[in-house]
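Sharing a structure, written as structure tokens. Questions coming.
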Amino acid sequence: MAYMLSPVSPAVNEFPDESKWVEKLDRQLRLWGIHGQDRINNANVCLLNATSVGCETLKNIVLPGFKNFSVVDGNKVTARDLGRNFYLRKTDLGRNRAEAVSEVLQELNPDVKGAFLAEDPLVVFEKSPEFFNQFNFIIASQMPIYQVEKLAKFCYEKDKTLVLVRSYGMIGYIRIIKKTHTIIEAKLDQQVDDLRLTKPWAELLKFIDLQDLESMKNESVAHTAYPILLVKTLQNWKATHENKLPQTRLEREEFIESIKKLHKSWSVFTNFEEAIDKAHYCYNEPAIPDEVLKVLNDDLCCNLTSHVDDFWLIAAAVKKFVENEGQGLLPLQGRVPDMHSDTERYVTLQTLYKKKARADMEVVKKYLHEILEKLGRDEDSISDMDIKEFCKNSYYLRAFHFRSLEQELSNPNKEEIANNMFNEMSPMPFYITLRASDRFHQKHGRYPGVEDETVEADNVELKNIVNDLLQEFGITESVFEMDKYINETVRYGACEIHNVSSLLGGVVGQELIKMCTKQRIPLNNTWVFSGITSVSTAFDA
């Protein structure tokens, strides 16, 4: 059976003042650049169930411009929905929930296209799983684990991103499901300055050799960039130390003194202070970070197929560069950090580094075209801009292989769970009570505590299920009194509190932006939040 999405009618207001949208786009480009925005512009997201937490999540990706969103929900708006979902109005009572929230979400961003399907998402998946092929990202809100097992397996096999999000009283739960996630720009707190001071190439060395400090006036010496000072000092050092770098503490102290000897007035020059501060660049040869080596040695990089993601094709080309022309080094970034220097020589340095980076990129491009030809793909199927971005960020490459939901259920990470059960601040007990609540729901078709007259009986049964889970996880002791967590979970009765949903929507939105832009490190793979203590924990379930 084929299901068709119904498009959301455009908003009535025409947004006459477009300046705010131009300003918004400018801010976003500063955050994640052209490549990141392009990926966002091509994203297609599907929300299953128009709950409060689902709508809060969708809001946080509609605003930055995820190009297409769809909502699948067969339920009609009830009075209870109005009390917990900010995106529903009193006039929506009795309407289909997916249609009602889609209209409101569409109004948040005129550049985004919304659609809806007034059907139960579980029925849609059972009858037509291919319906979900059109989406890059799927958000399953307020769905117990047993209901999404088949969908999770489907998404894992097709390497789609599925995010499970639950708002359960004061508890929050997020689970990211994806087979492999690659990152081109990790955007670490500390950037790598790839200046190659211990291995300068011919053009850079020629420029540095032309800088005669002895014949310069003091003003010129004071504006000589620190890479020039360090390379000159290192050349002199190697000439008298068997071509070796400074290694021991005494040698490094001696090297610092050698920098000072370049000019008698070094102590009043800012550039000499910079050179001394950056002297550690001369103590070791440049090396490939361990996380990047894992990428280059990954099975997906070493055993390419025609269907593999472009990331791995470019990574394989970079690996060939490293093994040949790079002589064990990654392509040069081509970025020169800010430093004390006169404009002319700083611009010359920038030009030299950019030229070398471009030359390295051309070699990577040559290897990539050979790989594409071997796999029967058009050599223009990967753009020069993508190759440039990859080479420029080669020090920040990352690859994550997430555990599937199937693995979590059949082979839970007992060590991770047990460690958290001995951390007094960890909300791990709520992860266990949530899992137990899902088993309760699977048996009774409702959550514990939903009906007032069965609260005591539900409490006893949930406690038995929790004890079974603890036994499965191999937990015989912990620092927690589980009874109070069980009582609290039953007391919630699976209610959805809007402020907890709002917080969760912000976290999921942030994680989806990371996954979509391939920037920054995402959660791996489960996140649990306690609104009681305002504490959260992330762990590999």
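The values are calculated or read from the model by the stated rules, or taken from the named source; none is laboratory data. Fair warning: this is a prediction, and the values are worked out from it, not measured in the lab. All Cβ positions, glycine included, derive from the backbone under ideal geometry; neighbour counts span all protein chains shown. Side chains included, ligands, DNA and RNA excluded: accessible areas come from the protein's heavy atoms. Shrake-Rupley method; radii C 1.70, N 1.55, O 1.52, S 1.80 Å.
I'd like the carbon and sulfur percentage of the solvent accessible area for region 105-257, probe radius 1.4 Å, heavy atoms only, ligands and nucleic acids excluded.
C and S fraction of accessible area: 47 percent.
Could you grab the relative contact order for region 267-422? Cα pairs under 8 Å, six or more apart, rounded to a whole percent.
27 percent
How much length is gained on full extension from GLU242 to LYS443, taking 0.36 nm per residue of separation minus their Cα-Cα distance?
My answer for the length gained is 64.8 nm.
Please identify every one of the trypsin sites (Lys or Arg not before Pro) in region 242-282 that sits in a loop by DSSP and has no more than 11 other beta carbons within 10 Å of its own beta carbon.
LYS244, LYS261, LYS264
Let me know the shape class of region 326-440, please: from the alpha-carbon gyration tensor, a ≥ b ≥ c as square roots of the eigenvalues, rounded when a/c is under 1.5, otherwise prolate if a/b is greater than b/c, or oblate. Could the numbers behind the result be given before it?
On the way: a/c = 4.26, a/b = 1.92, b/c = 2.23.
Here region 326-440 falls in the oblate category.
In Å², what does the accessible area per residue of the chain work out to with a 1.4 Å probe?
Averaged over the residues of the chain, the accessible area is 48 Å².
Of all the accessible heavy-atom surface of region 298-418, with the other protein chains kept in place and a 1.4 Å probe, what percent is carbon and sulfur?
46 percent
What full-extension length gain, to one decimal in nm, is calculated for ARG377 and LEU63 as 0.36 nm per residue of separation minus the Cα-Cα distance?
109.4 nm
Follow-up. Roughly speaking, what is the stretch gain from GLU273 to ASP309, that is 0.36 nm per residue apart minus the C-alpha to C-alpha distance, in nm to one decimal? Display every interim value, and only then the final one.
Working: separation 36, 0.36 × 36 = 12.96 nm, distance 4.57 nm.
Extending this stretch completely gives an extra 8.4 nm.
Let me ask something else about it. At 1.4 Å probe size, what's the solvent-accessible area of GLU370? Round to the nearest 10 Å².
90 Å²
What FRET efficiency do you get for HIS369 and ASP193 if R0 is 45 Å and r is their Cβ-Cβ distance, rounded to the nearest 0.05?
Working: r = 30 Å, r/R0 = 0.68.
The formula returns an efficiency of 0.90 here.
Taking log10 I(q)/I(0) by the Debye sum over Cα atoms at q = 0.06 Å⁻¹ as the quantity of interest, determine which of [x] -0.47; [y] -0.50; [z] -0.41 was computed from the displayed structure.
[z]
Which of rounded, prolate, oblate describes region 57-144, given a ≥ b ≥ c as roots of the alpha-carbon gyration tensor eigenvalues and a/c under 1.5 marking rounded, otherwise prolate only if a/b is larger than b/c?
Values: a/c = 1.87, a/b = 1.09, b/c = 1.71.
The shape class here is oblate.
Also: Take the alpha carbon atoms of region 243-307, find their center, do the same for region 66-134, and report the distance between the two centers in whole angstrom.
Cα centroid of region 243-307 versus Cα centroid of region 66-134: 54 Å apart.
For labels at GLU214 and LYS179 in the simple 7 Å Cα→Cβ model, what's the distance in nm?
6.5 nm
Here's a follow-up. Could you tell me which of rounded, prolate or oblate describes region 103-214, using a ≥ b ≥ c as the square roots of the eigenvalues of the alpha-carbon gyration tensor, with rounded for a/c under 1.5 and, failing that, prolate when a/b is larger than b/c and oblate otherwise?
Cα axes put region 103-214 in the prolate bin.
Oh, and also: Please report the relative contact order for the chain, taking Cα pairs under 8 Å with a sequence separation of at least 6, and give it as a percent rounded to a whole number.
Values: 881 pairs, mean separation 108.9, N = 541.
Relative contact order here is 20 percent.
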